[in-house]
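Notes follow the structure.
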Amino acid sequence: KNEVEQSPQNLTAQEGEFITINCSYSVGISALHWLQQHPGGGIVSLFMLSSGKKKHGRLIATINIQEKHSSLHITASHPRDSAVYICAVRGSARQLTFGSGTQLTVLP
Amino acid sequence: ETGVTQTPRHLVMGMTNKKSLKCEQHLGHNAMYWYKQSAKKPLELMFVYNFKEQTENNSVPSRFSPECPNSSHLFLHLHTLQPEDSALYLCASSQDTGAFEAFFGQGTRLTVV
């Protein structure tokens, strides 16, 4: 069974700061997802990665397959980025295994 | 807006009540999922349906009963729940169970009193 560890669990930043959230997993995967969950509960897919790096606006996601590690970066953070960020991996069983999430609060 | 709609958004029910959660998608997806999210815990997969057939039951207690009448609709029937069943219940869909990307609904916040 794949174990997915996220760090930190909670993160508070000032507006404008550069933010990094980390995700490590224990066994090989076919894809890794970064998800964003807003206070209302709905989940939005931010990125799906199987290698390398992806960028969308102020968000950047990287993955190192050899080290079984991924990072989500937010540049020039804004209070509207406040949410729970969840890492999920898809292994050989094809189902997603989720991390516990990182609660991000960006203060104005 | 992800294209997956859940109703109701909030539900309070007593332990002797019977209620149902509804999920609807018109994305043309064939796979639908129920997840449970308890406070401070990772999302837990409950049930998977693919082409209206249940393909996975993740050891969920029988007080939770799923129903998938067609590929666009998924229900979760609830009866004689316990307070520890209070959680956010999320529905998701994907093209099929082998698809990489899943789309999630807004969730139903369930409180059992």
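The values are calculated or read from the model by the stated rules, or taken from the named source; none is laboratory data. For clarity, every value in this text was computed on a predicted model and none was experimentally measured. Ligands, DNA and RNA are excluded from the accessible area calculation, which covers all protein heavy atoms including side chains. Shrake-Rupley method; radii C 1.70, N 1.55, O 1.52, S 1.80 Å.
Taking all protein chains as present, what is the carbon and sulfur share of the accessible area of the protein assembly as shown, in % to the nearest whole number, probe 1.4 Å? Show your work: numbers first, answer last.
On the way: 5280 of 10480 Å².
Summing carbon and sulfur atoms, their accessible area is 50 percent of the total for the protein assembly as shown.
So what is Rg over Rh here for the protein assembly as shown, counting just Cα atoms and using Kirkwood for Rh? Numbers along the way, then the final one.
Values: Rg = 17.5 Å, Rh = 18.0 Å.
Ratio of gyration radius to Kirkwood radius: 0.97.
Which residue, B:Leu74, B:Leu43, B:Leu90, has the most motion in a Gaussian network model of chain B that connects Cα atoms within less than 10 Å?
Answer for the Gaussian network model of chain B: B:Leu43.
In whole percent, what relative contact order does chain A give with Cα contacts below 8 Å and a gap of six or more residues? List each step's numbers first, then the result.
Values: 273 pairs, mean separation 40.5, N = 108.
Here the relative contact order equals 37 percent.
Checking an interface number: how much accessible area is buried between A and B, summed over both chains, with a 1.4 Å probe, in Å² rounded to 100? Kindly include the intermediate steps, with their values, before the conclusion.
Working: alone 5940 and 6150 Å², together 10480 Å².
Looking at A and B, the buried total is near 1600 Å².
Only Cα pairs within less than 10 Å get springs; with that Gaussian network setup on chain A, which residue of A:Phe47, A:Phe98, A:Phe18 has the largest fluctuation?
A:Phe18
Taking a probe of 1.4 Å, how large is the accessible area per residue of the range A:1-52, in Å²?
On the way: 2510 Å² over 52 residues.
Result: 48 Å² per residue.
Run the reach check for B:Lys19 against aspartates and glutamates, Cα to Cα strictly under 15 Å, same-chain hits fewer than 8 apart removed. What comes back?
Straight-line reach from B:Lys19, under 15 Å: B:Glu67, B:Asp85.
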